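Each value in this text was obtained by applying a stated rule to the coordinates, not by laboratory testing. Here the structure is a predicted model, which means the values were calculated and not measured. With ideal geometry, Cβ positions are generated from the backbone for all residues, glycine too; neighbour counts draw on all protein chains shown.
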Amino acid sequence: MIDEILERVLEGNTTKDDALYLVASLSFQELFNLADQLRLNEVGDTVTYVVNRNINFTNSCIGNCAFCAFKNEAGYVLSEEQILQKVQEAVEIGATEICIQGGLLKGMVLDDYCGMLESIKSNFEVHIHAFSPMEIFHASKNSNVDIKYALKALKNSGLNSMPGTAAEILDDSIRRKICPSKISAEQWINIITTAHSLGIPTTATMLYGHVESFNDRIDHVLLIRDVQKKTKGFTEFIPLPFMSNNNHLGKVTRRLEGIDDIKVHAISRILLHKSIKNIQSSWVKLGVKSAQMMLLYGVNDLGGTLMEEKITKSAGGTAGEYLSPNDLENLILGVGRIPRRRNTLYELI
Ligand code: SF4
């Protein structure tokens, strides 16, 4: 039986039952070695990172996600001048990507989102990785246009790629508990596949460690794999551990243990290795040392320098807001891997 399962694993066709069998039957070390071997087969010993800057343009939001510590009633909204200043600072230190996300600002319409992109693009040559599927929905709803129209307009204004955040766990019974006013799983997939069909690549994420079970995580990763088999539009998969401070959900959920993080990253590699080559560990969420450790269990990317990070920090993240390229390269060298800088689309620089 195990031989048949391993054959399906190598072909990239691991089923849910296969994954559960592997987790139940293999020792942790065997499971983790399998993930590491698949990483080696697909991407070798190179570990990548991107020099980027995060800009969270507002923390004012009409949403009600139970895991959120970022939204604030008396929130800020960055002016165009402040945004351009931040982009300028990023470009000066060699950033190739500006990552923009914000709260769902009441009354913000598609033209506002497009205006932000146009203002940056008319001043800087930089890749803009911006707006979660939830923000795309917010923009289209407030402007009475459909998703495709909104995405086309954003692309014409300079949107190069999108973060696949707001995915949380793609199961509506879980979403009703943790983010009741967010788009449904089907809407998330529809926005993502529409973006891919228009030539807008995205990342894919999973928020784990709250009310979901291990089975739910496997279902989520397999759903992402199904989408990728159809569109090939995901650049990477990023498991994001739930941060429990300063939010409602943190009071009612269990705490994750380190082994949970390793299992999630390892099983992600095992399920996705033939469809999504890049598995990223988030140093902001996991902490720097744990993110480095995940490189031994299937991960091949450490994400970005960020320069500024407000969402995780508000939920108790203590990893800081910036890692220099040197810091990231030292982490990679520290586990015997080869550091390489990349752009957003995983072209080596
Ligand atoms: S997670 Fe995002 S959408 Fe949800 S409440 Fe917080 S800022 Fe709003």
Gain in length, SER181 to GLU30, computed as 0.36 nm per residue apart minus the alpha-carbon separation, to one decimal in nm?
-> 50.3 nm
Taking 0.36 nm per residue of separation and subtracting the Cα-Cα distance, what length does fully extending VAL77 through ASP260 add?
-> 62.2 nm
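Within a 10 angstrom radius of the beta carbon, how do CYS68, CYS99 rank from fewest other beta carbons to most?
Fewest-to-most ranking of CYS68, CYS99: CYS68, CYS99.
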Beta bridge orientation in the chain: antiparallel %, DSSP, nearest 5 = 5 percent
Rg followed by Dmax, in Å, when the chain is reduced to its Cα trace | 19.2, 62
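Which of TYR113, TYR49 comes first, and how do the rest follow, when ranked by fewest Cβ neighbours within 10 Å? Numbers along the way, then the final one.
Working: TYR113 28, TYR49 23.
Least crowded to most crowded, the residues run TYR49, TYR113.
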For q = 0.15 Å⁻¹, Debye-computed log10 I/I(0) when each Cα of segment 73-224 counts as one equal scatterer | -0.82
How much length is gained if the chain between ASP17 and ASN156 is pulled fully straight, taking 0.36 nm per residue apart and subtracting their Cα-Cα distance, in nm to one decimal?
-> 45.7 nm
Sort out for me the Cα centre separation of segment 29-43 from segment 227-246, rounded to whole Å.
-> 19 Å
At a Förster radius of 30 Å, what calculated FRET efficiency corresponds to the Cβ-Cβ distance of GLU7 and SER324, to the nearest 0.05?
-> 0.10
